[in-house]
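This report concerns only the one structure given below.
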Amino acid sequence: MADHDVALTVNGEPRRGRAEARTTLADFLRDELGLTGTHLACEHGVCGSCTVLFDGDAVRACLLFAVQAAGHEVVTIEGIAPAPGGPDRGALDPGAPDRGALGPVQQAFMECHGLQCGFCTPGFVVSVSAFLDECSDPTDAQILDGLSGNLCRCTGYQGIVAAVRRAVELRSGALPAAEPSESRP
Amino acid sequence: MSTPVAGRFVGQSVLRREDPRLLTGRGTYVDDITVAGLVHAAFVRSHVAAGRITHLDIAAARALDGVVAVITAADLNAGAGSLQPTIQLHDPSNAPLRALADGDVRFVGEPVAVVIARSRAIAEDGCDLVALDIDPSAAVVDPEAALAPGAPLVHRERDSNLAQEMPVLLPQYDEAKARAAHVVRATFRQHRQTPSPMETRGIVAIANPASGELHCHLSTQNPHEARLVLARATGTPEHLVRVTARDVGGGFGQKFMLQRDEIVIALAAKHLGRAVKWIEDRRENLIASTHARTDVTTVELALDADGHMLGAFVDELEDAGAFPVGAAGGAASAVGAFFPGAYRIPALSWIARAAWTNTCPRGAYRGPWMMETVCREQMVDVAARAIGLDPLELRRRNVIATTELPYTTPMGMTYEAITPAETLEQAAAAIGHDAFRTEQQRAFVAEGRLLGVGYSLYVEPCAMGSMDPLGTESATVRVQPSGTVLVSLGSGSHGQGLETTMAQVVAEELGIDVDQVVVVQGDTDVAPYGRGTGGSGSAIIGANACRAASAVVRDRTCEIAAHLMEAAPGDLEVVDGEVRVKGTPTRSVAWTEVARVAYHDTARLAAGARRGLEATESYTAPPVTFANACHAVTVEVDARTGITTILRYVVSEDCGRMINPMIVDGQIAGGVAQGIGGALYEHVVYDGDGNPLTTTFMDYLLPTASEIPAIEIHHIETPANNPGGHKGVGEGGAIGSPAAVFNAVADALALVGAEVRDQPLGPRQILAALTAAGH
């Protein structure tokens, strides 16, 4: 099958790669560009694990072809916040000063235990980031609605709902980071 | 009952150190692993539930550009060793498992061939080119039908479809029944579900023909067990097999025992002498990994005139699928043995059977035997309505009180530190039982609305210490020359946060800061032999192994420091990273200095003292540790649509001393959500010929944030009889929730005389029950 040249902007950087016409954007990001934070859990558009920003909108990267992204701007989970010191730095050196270089949505998920196995998490973080960009002060009903396009099998959504509320606070810049004991869902 | 005092780290909601990497897309799941020369596998699977393979032609697939190999049973099966898990190696009830289907097929999805190619896409193209003809024969899809006389055999090597049968029929029950004022009998069906971890299964198997090594990156809960299976199956000496698992995207039991698909990929890698990756897709996961639940249970409950339980009889039949996976494939006997739960039931008889069917293998799923709670708690409500008592009142009359402990069940199991009556009352108070009953009547009389309240009370057996190899964990605690501490564990954390909680335990025991401790797990070359993560065992077995190894390290640290300070080791303590004389904090030596001396200034050690500073210790749990909880839920059933809405959800639980309350709450909430999903939405459906009809997440409905209510969690902390006082917490949420939801719906339907016995409780089933009641 003939390959196509795909040039696009990913996380603010110009990127280029080869893709068959049938290659999904998700596979292209993972296999061709090495951005493995975008996860595939259903590959049929239900679970939301592969959510990325496409020209600012949250989309499912399993339902787009790579060639459709040519010339567009894509933001993946790797581009949502400044990276920590390097791969796995946070775990291997938990006392490192740059640990926790997280964006407000990520920080909120950590404080509220909004993740367990972490597989669905990149999709949630990207979805919630896009949701809060559109709806900066959501009601509880709007939060549930905003989350209902992503599946999580670990948390029972308690920590995730709490994390969205907390992210609203953090994004407004009004509150300092909570102590762990105060951040329980 | 005493309430444990939280330690500096143990008992604190320490934030998880796993999170930064997972939140930034820097986790390492099995599909993120790539190595030089890697090729990709896809399976050709049976499209028929039962039948004879009449034609299998791989020539066209083999000829496709980019295809490396097409492998069938003829290539692999004869050379494969045992495919069974360690716990089942010599189990006579094993199904005749084979690597790839050979001559016939026994369920839709059974692997028949593997195509290995330069990319996964080409491998799938190759699968389409494999010509596979199957002459279908009659399939058995239902466990009751499977045991009917003349039923087609799932396994032609066996003379019936009865996989297991264990009758425990005791005269005490017959005596109890003879003097009972009420004998209530009902049959309950729990439908087929599947664990559905968000990350499917996967393996990167790297075979090195020159060195003989086989290194497998796996998505697994249990690296050491996987290593043993892979060694036996591939004929590779154990010390040449390495299994690593970094981040694992959920398991819920499905990844506790290694399954045939991963074994086949390892066999194929060895066959080819190269690295092969297989990542299961969601369709494969839904039809061919493991299914769970699927029980048909008849319960007979004998009560006296006042509603005191005199005895029970349980007839449990489980669907084992074609090739049940692991010990949990046969959970039926546990349903009988653990049936009494939180109640004083002095006499018990049971019969447990498991039947093979032409369906996806049964495997463990968060509380594999939880049908004991489902059928018992539903039965309590059925019996209460039959004798005219509020179900809460019937529970109150029969629940075991703390004053009765230790209490021994008719099966000889002894409860020592449980609090079922306390959790029942705490949950009833939190849900506001009496006020709800008033509102329920008002809403029904005034507005015709159907509200209901349901309870589920259970005692959960955790961390079975007598069940080798699942009862023991080992930990190595190694102080580095810098004073930082590396802990190696044989666990397989897949969302439980063990890198955080086990560091909390070690830091607490050593007296140093939690950030000085790193936990490494999921690597058989690094970790001592261990049991993996499952069976609600990590807090009990893993944490106490960490505690034991830490105690040795702490004592040796004190010995070294005592020598340096010319003090007696017994007079020393470690506080905040200082080894100091008790009562004289000014006489101290830094933890980091002790570590440095132990490795790099050894002349200052006592004569004959061992260099270095580390210890490996193991911990074997008691035969069973019991946790307990009560779930209470209120619902509204819409009589026009049949849709159930959960109004409030309350959990009162006792998991003993908590290591990290935030993580405990997360475990409970996740389990509750799975149970709600199971009771109301999730349903694996087969047609009568054994064709799976739920093959995507559009058909198999996992609950979203919109379906799961706020879950209110209350704790009672009664220390268990182990060094840390912990009990298990991983499975309980999923054990308690289905019956609570079911009972609440049944309570609502009872207002109009409608009855339900079977799960799931979708709109269709609820409307049918209402119609049958003339509503």
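Things to note:
- One residue from B:657, B:640 being surrounded by fewer than 24 Cβ atoms within 10 Å (Cβ to Cβ), touching a residue at least 60 places away in the same chain (Cβ under 8 Å) and farther than 20 Å from residue B:430 by Cα: B:657
- Annotation note: of A:7, A:2, A:41, A:19, the sole residue that is in contact with an Asp or Glu (Cβ under 7 Å, 6 or more places away or on another chain), farther than 21 Å from residue A:117 by Cα and small (Gly, Ala, Ser) is A:19.
- Residue ID - nearest to the other protein chains (Cβ to nearest Cβ), chosen from residues in the stretch A:20-41 that are in contact with a Phe, Trp or Tyr (Cβ under 7 Å, 6 or more places away or on another chain) and open to solvent by less than 10 Å² (accessible area, probe 1.4 Å): A:41
- Count of the stretch A:73-82 residues which are touching a Phe, Trp or Tyr at 6+ places or on another chain (Cβ under 9 Å) and open to solvent by 60 Å² or more (accessible area, probe 1.4 Å): 1
- Hey, residue B:601 under 40 Å from the mean Cα position of the chain (by Cα) and either under 30 Å from residue B:429 (Cα atoms) or surrounded by fewer than 19 Cβ atoms within 10 Å (Cβ to Cβ) (or both) or not: no
- From B:470, B:489, B:498, residue being touching a Gly at 6+ places or on another chain (Cβ under 8 Å) and closer than 28 Å to residue B:560 by Cα: B:489
- The single condition from (1) touching a residue at least 60 places away in the same chain (Cβ under 8 Å); (2) open to solvent by 20 Å² or more (accessible area, probe 1.4 Å); (3) within 14 Å of another protein chain (Cβ to nearest Cβ) that residue B:121 fails is (1).
- Selection count, the stretch B:556-585, where residues are over 24 Å from residue B:607 (Cβ atoms) and out of contact with any Lys or Arg (no Cβ under 8 Å at 6 or more places or on another chain): 8
- Restricting attention to the stretch A:153-171, the residues being open to solvent by 30 Å² or more (accessible area, probe 1.4 Å) and either within 15 Å of residue B:711 (Cβ to Cβ) or in contact with a helix residue (DSSP H, G or I) (Cβ under 6 Å, 6 or more places away or on another chain) (or both) number 3.
- Boolean, residue B:105 is in the same structural domain as residue B:280 (by TED's automatic domain parsing) and in contact with a helix residue (DSSP H, G or I) (Cβ under 8 Å, 6 or more places away or on another chain): no
- Some residue of the stretch B:562-569 being within 20 Å of residue B:478 (Cα to Cα) and touching a residue at least 24 places away in the same chain (Cβ under 8 Å): no
- Listed by position, the strands (runs of 3 or more DSSP E) inside the stretch B:253-330 whose residues that are touching a strand residue (DSSP E or B) at 6+ places or on another chain (Cβ under 9 Å), surrounded by fewer than 24 Cβ atoms within 10 Å (Cβ to Cβ) and not assigned by TED's automatic domain parsing to the domain that holds residue B:394 number at least 2 are B:275-279.
Residue-by-condition table, conditions (1) touching an Asp or Glu at 6+ places or on another chain (Cβ under 9 Å); (2) not in a helix (DSSP H, G or I):
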residue: B:417; (1), (2): yes, yes
residue: B:437; (1), (2): yes, no
residue: B:441; (1), (2): no, no
residue: B:455; (1), (2): yes, yes
residue: B:466; (1), (2): no, yes
residue: B:476; (1), (2): yes, yes
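- Among the residues of the stretch B:511-565, those identified as hydroxyl-bearing (Ser, Thr, Tyr) and more than 14 Å from chain A (Cβ to nearest Cβ) are B:524, B:529, B:536, B:550, B:557.
- Candidate set: the stretch A:42-58, residues that are within 19 Å of residue A:152 (Cβ to Cβ) and outside any loop (DSSP other than H, G, I, E, B); chosen: the one most open to solvent (accessible area, probe 1.4 Å): A:58
- Only a single item in (1) without any contact (Cβ under 8 Å) to a residue 60 or more places away in the chain; (2) on the phi > 0 side of the Ramachandran plot is not met by residue B:171, and it is number (2).
- Selection within the stretch B:626-667 - within 27 Å of the chain's Cα centre (by Cα) and either at pLDDT below 95 or outside any strand (DSSP E or B) (or both): B:655, B:657, B:658, B:659, B:660, B:661, B:662, B:663, B:664, B:665, B:666, B:667
- Residue selected from the stretch B:194-229 under the condition out of contact with any Gly (no Cβ under 7 Å at 6 or more places or on another chain) and either of a type in the set (Gly, Ala, Ser) or on the phi > 0 side of the Ramachandran plot (or both), by the criterion farthest from the other protein chains (Cβ to nearest Cβ): B:212
- Qualifying residue in the stretch B:332-346 (condition: open to solvent by 10 Å² or more (accessible area, probe 1.4 Å), closer than 29 Å to residue B:409 by Cα and either more than 21 Å from the chain's Cα centre (by Cα) or of a type in the set (Lys, Arg) (or both)): yes
- Every test in (1) out of contact with any Phe, Trp or Tyr (no Cβ under 6 Å at 6 or more places or on another chain); (2) open to solvent by 50 Å² or more (accessible area, probe 1.4 Å); (3) at pLDDT 95 or above is passed by residue B:774 save one, and that test is (3).
- Residues in the stretch B:422-470 that are touching a Pro at 6+ places or on another chain (Cβ under 9 Å), buried (at least 21 other Cβ atoms within 10 Å of the Cβ) and small (Gly, Ala, Ser): B:454, B:456, B:463.
- Number of the exception - residue B:152 against (1) touching a helix residue (DSSP H, G or I) at 6+ places or on another chain (Cβ under 9 Å); (2) closer than 30 Å to residue B:532 by Cβ; (3) open to solvent by 40 Å² or more (accessible area, probe 1.4 Å): (2)
- Restricted to the stretch A:113-132, and to residues there that are open to solvent by less than 10 Å² (accessible area, probe 1.4 Å), farther than 18 Å from residue A:29 by Cβ and more than 7 Å from chain B (Cβ to nearest Cβ), the residue that is nearest to the chain's Cα centre (by Cα) is A:128.
- Of all residues making up the stretch B:651-668, the number that are in contact with a His (Cβ under 9 Å, 6 or more places away or on another chain) and at the interface with chain A (Cβ under 9 Å from one of its Cβ atoms): 5
- If you go through the stretch A:49-74 and keep only what is touching a residue at least 60 places away in the same chain (Cβ under 8 Å) and in contact with a Cys (Cβ under 7 Å, 6 or more places away or on another chain), you end up with A:49, A:50.
The values are calculated or read from the model by the stated rules, or taken from the named source; none is laboratory data. All figures in this text were calculated on a predicted structure; none of them were measured in a lab. Reconstructed Cβ throughout: ideal geometry from the backbone, glycine too, with neighbour counts over all protein chains shown. Just the protein is used for accessible areas: all its heavy atoms, side chains included, with ligands, DNA and RNA removed. Shrake-Rupley method; radii C 1.70, N 1.55, O 1.52, S 1.80 Å.
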